[in-house]
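Shown below is the structure under consideration.
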2 protein chains.
Amino acid sequence: MGKLKVSISMSLDGYVAGPEQSEQNPLGIGGEQLHEWVVPLRAFRESHGDEGGEVNASTPIAEGILANKGAVIMGRNMFGGGPGPWGDDPWQGWWGDDPPFHNPVFVLTHHPREPLELHGGTTFYFVTDGIESALEQARAAAGDRDVSVGGGASAAQQYLAAGLLDELVVSLVPVLLGSGARLFDNLGDDRPRLQQVETIGAPGVTHIRYARV
Amino acid sequence: MGKLKVSISMSLDGYVAGPEQSEQNPLGIGGEQLHEWVVPLRAFRESHGDEGGEVNASTPIAEGILANKGAVIMGRNMFGGGPGPWGDDPWQGWWGDDPPFHNPVFVLTHHPREPLELHGGTTFYFVTDGIESALEQARAAAGDRDVSVGGGASAAQQYLAAGLLDELVVSLVPVLLGSGARLFDNLGDDRPRLQQVETIGAPGVTHIRYARV
């Protein structure tokens with residue numbers, strides 16, 4: 001069985017998205033700064049069907065997000081389309097006809113919906129019976145490969161709080177967002193114990209890999 | 001003129017002290033975990049008059065906290081003795097007769113008090129007219145050397161928010177404290193801009209050095 005992993009960019013003051021997230025501003029005000037380290041990388045551009053790009057000390061992290069990945073879990077907020085029922089002309093995700101996931105994606109939601117099959121191997125499945133059910137379905141889809149929690153903050157928090165995460169990679173960006181969605185909120189009193197496994201200093205970001213103790 | 005520096009240990013969830021700080025528990029519940037990386041080091045033990053200890057990848061950080069330091073600024077909460085007037089038998093600090101500072105220490109307080117001269121070159125001066133006055137006095141005492149903001153969270157925040165810090169070293173510890181005093185709170189809307197200068201992975205901690213942009 002593969003691992004359950006989260007790889008997420010976080011501001012120095014602990015936010016994984018800025019304030020006032022919206023359809024126009026999915027990462028909130030200032031939130032796009034969190035991903036400035038990854039967007040220029042060749043590994044990122046390739047996964048989005050683009051050519052060229054940089055290779056630097058962040059490359060193994062960007063490649064690691066993609067390597068050995070068999071399925072993705074994400075929260076409804078990350079999939080987008082606002083809260084509430086899906087409606088007659090439902091939101092298809094932020095990523096167009098050929099999303100960069102290239103495998104099954106399980107979306108945590110309270111609102112049932114038929115699977116959405118797009119190009120490039122990405123099919124979104126909408127899971128309404130909780131994080132453990134989503135994990136079970138994602139593991140079944142992934143086989144020997146890993147399951148990645150794509151985000152956002154709430155989905156990552158829930159798997160962290162439940163003690164289900166095997167690995168957490170925090171990409172710490174030297175920006176102070178001041179408000180927004182914190183990764184390490186709402187963890188309760190029985191907080192998970194982590195050990196530091198690896199540290200990588202790269203241009204404009206520090207990547208730290210943690211494992212569950 | 002030297003630099004104004006902060007070197008501070010922070011939990012992965014952003015706290016520089018745990019909840020319920022008290023005379024018995026100056027770093028709050030769980031807060032002592034923040035300093036587990038530094039206490040075994042030879043550089044730390046030497047500064048406290050002890051022999052032996054480890055040398056590892058954290059050593060340059062521990063030595064850097066001490067090197068070229070001409071004066072220290074700290075908040076009243078870090079100096080201790082509770083809030084309010086000093087009284088007839090005033091608190092002498094947490095550190096005994098021979099504190100590990102070995103230079104002038106300027107304590108930010110609302111309550112005037114005569115200087116307190118202890119052994120080993122440490123004299124505490126009590127500054128009641130604000131952070132800029134304390135900085136001016138500390139710079140005068142330090143000469144060409146650096147001024148270090150020793151803590152706690154509030155003192156570090158105030159110098160950060162005022163844009164006066166030249167350098168910030170965050171020692172990020174893989175522990176989740178859940179509550180306590182956050183370093184990056186109360187910074188207002190005009191938050192300082194930082195650039196990452198150096199990353200060091202060491203046993204049980206990641207040190208990241210930031211400079212003001």
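Under 13 Å Cα-Cα from A:LYS3, which aspartates and glutamates qualify once same-chain neighbours fewer than 8 residues away are excluded?
Those aspartates and glutamates meeting the cut-off are A:GLU136, A:ASP144, A:ASP146, A:ASP166, A:GLU167.
Between chains A and B there is a rotation axis; tell me the chain A residue with the nearest beta carbon and how many whole Å away it sits.
Output: A:GLY14, 2.
Right, here's the next one. Ignoring any ligand, DNA or RNA, what whole percent of the accessible area of the protein assembly as shown comes from carbon and sulfur when the probe is 1.4 angstrom?
Values: 9360 of 19700 Å².
Solvent-exposed carbon and sulfur of the protein assembly as shown make up 47 percent of the total.
Check B:MET10: other-chain or 5+ apart residues with amide H under 5 Å from its amide H, H built from backbone geometry?
Those qualifying (amide H under 5 Å, at least 5 residues apart or on another chain) are B:SER171, B:LEU172, B:VAL173.
Quick one: of the DSSP bridges fully inside the protein assembly as shown, what percent are antiparallel, nearest 5? Each step should come with its number before you reach the end.
Values: 36 of 86 bridges.
Of all bridge pairs located within the protein assembly as shown, approximately 40 percent are antiparallel.
Tally Lys and Arg at +1 and Asp and Glu at -1 over the other residues with C-beta under 11 Å from the C-beta of B:ALA211: what net charge comes out? If you can, show how the numbers build up before the last one.
Details: positive: B:LYS3, B:LYS5, B:ARG193, B:ARG209, B:ARG212; negative: B:ASP166, B:GLU167, B:GLU198.
After counting each charged neighbour, the total is +2.
Let me ask another. Can you pull out the trypsin sites (Lys or Arg not before Pro) in segment B:129-213 whose DSSP state is coil and whose Cβ has at most 15 other Cβ atoms within 10 Å? Don't jump to the answer; show the numbers that get you there.
Values: sites: B:ARG139, B:ARG145, B:ARG182, B:ARG193, B:ARG209, B:ARG212; in loops: B:ARG145, B:ARG193.
Those satisfying the criteria are B:ARG193.
Could you work out [θ]222 nm for the protein assembly as shown from helices alone, using -39500 (n - 2.57) per DSSP H run of at least four and dividing by all its residues? Round to the nearest 500 deg cm²/dmol.
Details: 10 runs with 78 residues, N = 426.
Taken over the protein assembly as shown, the calculation gives -5000 deg cm²/dmol.
Using Cα centres only, tell me the gap between segment B:138-163 and segment B:37-107 in whole Å.
14 Å
Same structure, new question: For segment B:207-213, what does the Karplus curve 6.51 cos²θ - 1.76 cosθ + 1.60, with θ = phi - 60°, yield as ³J(HN,Hα) per residue in whole Hz, taken in order and with x for Gly and Pro?
Couplings: 9, 10, 9, 10, 10, 5, 6 Hz.
Let me ask something additional. With the solvent-accessible surface defined on protein heavy atoms using a 1.4 Å probe, which residues belonging to segment B:4-42 display a reduction of at least 50 Å² in accessible area in the multichain context relative to the isolated chain?
Buried by 50 Å² or more upon assembly, which counts only protein chains, are B:LEU12.
Hey, can you list the residues from segment B:164-213 whose accessible area shrinks by 40 Å² or more with all protein chains present, relative to the chain by itself (probe 1.4 Å, no ligands or nucleic acids)?
B:LEU172, B:PRO174, B:LEU176, B:ARG182, B:PHE184, B:ARG191, B:LEU194, B:GLN196, B:THR199, B:THR206, B:TYR210
I'd like the interface area for chains B and A: accessible area of each alone minus the complex, both sides summed, 1.4 Å probe, protein heavy atoms only. What is it in Å² to the nearest 100?
2100 Å²
Another question, if that's okay. For a quick check of your reading of the filter: which GluC sites (Glu not before Pro) in segment A:5-110 sit in a DSSP loop and have no more than 13 other Cβ atoms within 10 Å?
Hits after loop and neighbour filter: A:GLU20, A:GLU23, A:GLU51.
Follow-up. Determine which lysines satisfy two conditions relative to B:LYS5: a Cα distance under 25 Å, and not lying fewer than 8 residues away in the same chain.
Partners found: B:LYS69.
The values are calculated or read from the model by the stated rules, or taken from the named source; none is laboratory data. Because the structure is a prediction, the values reported are computed rather than measured. Positions of Cβ are generated from backbone atoms using ideal geometry, with glycine treated the same way; all protein chains shown enter the neighbour counts. Each accessible area value is taken on the protein alone, full model and side chains, heavy atoms only, with ligands, DNA and RNA left out. Shrake-Rupley method; radii C 1.70, N 1.55, O 1.52, S 1.80 Å.
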